Amino acid sequence: MLHIINKSPLTNCALDSCLRVVQSGDILLIEDAVYAATSGNVFEDKIREAMGRCKVYVLQPDLDARGFGDRIIDGVSPVDYGGFVDLTTTNKNCQSWL
Amino acid sequence: MSEIKKFMFVNRKAPHGTIYALESLEVVLITAAFDQDVSLVFLDDGVYQLKKGQQTKGIATKNFSPAYRALEGYDIEKLYVEKESMQARGLSEEDLLVDVTVLGRAEMGELMNQQDVVLSF
Amino acid sequence: MKFGIVVNEGPYQHQASDTAYLFCKAAIEKGHEVWRVFFYHDGVNNASKLTEPPQDDRHIVNRWGKLNEEHGVDLVVCVAAALRRGIKEENLAKGFRISGLGQMVEAGVKTDRLIVFGD
């Protein structure tokens, strides 16, 4: 299953809740959630822990827009909008954590 | 529309502060009319939607909380609450308006995996 | 694959509408079909023909309309949410139509994937 998150983990618990509930699958960080994919923020350890059981992706255009195109955590995979589309087709279902 | 899919509505927002909970409920009722397999999930602040004793007279808005009790009449009987979300808010099943199934976080994750369409507002 | 899209937020205020649009464009470029975009909550404001952004900004409303014109994407605005927010036939932009919530459920039933964009 694909889980889509769009909030910064520093202001909203969506990503935290997703990581609490989800045991496996793909996680895509878009919009303000891309800050979670940047190295050096306090959430980095949680992302690294999640990568042990889920594959974590980040929407590169959203990272670039926020000035973090070069600060991505090792192991997090960048995708463009086409890659976003592919993730929704390779997974049999998806959930937006709004 | 003879095809039956598993629809899950994930409610993660508190009522009253925004309109999401009310408009989500409106979709749920319509979905039931389409004879789909409907589940409702209450996670995080969404659990507050089910709190007993909501009185909205003082804020001059519509109190839609009694509508959760009417869901049964629409054959919507699969209501799930995540245990961790409920406990984090100091709530127990007795605080809730309706009968629910309480699931642990991993069981909740598994239930999500089994769905065809997951809607969240 | 056949996609259904739900947009829950208004244009300019929130990125949801932009992300949804760019997703639709990418899906169409990959040869998929975007069967319907359903606008709910403040998302109904994506359909106001009174929208006039500054000249150097993207025109979100017209951009949706073009998707309908060029790719036949069905743009449906929820009637209950629209009436609450003052969107009616008289100020509905070209390419959109107003209909009931059942159209969202139908999108869930008839498409291969339903993707929600919101707050």
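Largest first, the three principal axis extents of the alpha carbons in chain C are 34, 33, 27 Å in whole numbers.
Ordered from longest to shortest, the equivalent ellipsoid semi-axes for the stretch C:1-50 are 21, 11, 9 Å, each the square root of 5 times a Cα gyration tensor eigenvalue. Proximity of backbone amide H atoms, modeled 1.01 Å from N, is registered between B:Val81 and B:Phe42, B:Thr101, B:Val102, B:Leu103 at under 5 Å, excluding neighbours fewer than 5 places apart on the same chain.
What percent do you get for the relative contact order of chain B when only Cα pairs under 8 Å and 6+ apart count? About 35 percent, as a whole number.
Over 18 Å apart at the Cα level, from the set B:Lys13/B:Lys52; B:Lys5/C:Lys2; B:Lys6/C:Lys30; B:Lys6/B:Lys78; B:Lys13/C:Lys110; C:Lys66/C:Lys94, are B:Lys6/C:Lys30; B:Lys13/C:Lys110. Taking amide H positions as modeled 1.01 Å from N, with prolines and chain starts lacking one, the residues under 5 Å from A:Leu28 and 5 or more places away or on another chain are A:His3, A:Ile4, A:Ile5, A:Tyr57.
If you wrap a convex hull around the Cα atoms of the stretch B:6-120, how much volume per residue is inside, in Å³? Don't skip to the end; give the middle numbers.
On the way: hull volume 10.7 nm³, N = 115.
In the stretch B:6-120, the Cα convex hull volume per residue is 93 Å³.
For C:Val116, the residues whose modelled amide H falls within less than 5 Å of its own, excluding neighbours fewer than 5 places apart on the same chain, are A:Ser96, C:Val6. With q set to 0.10, 0.11 Å⁻¹, the log10 of I(q)/I(0) for the stretch A:1-97, from the Debye formula over equal scatterers at the Cα positions, is -0.21, -0.26.
None of the figures in this text is laboratory data; all of them are computed from the coordinates on show. Here the structure is a predicted model, which means the values were calculated and not measured.
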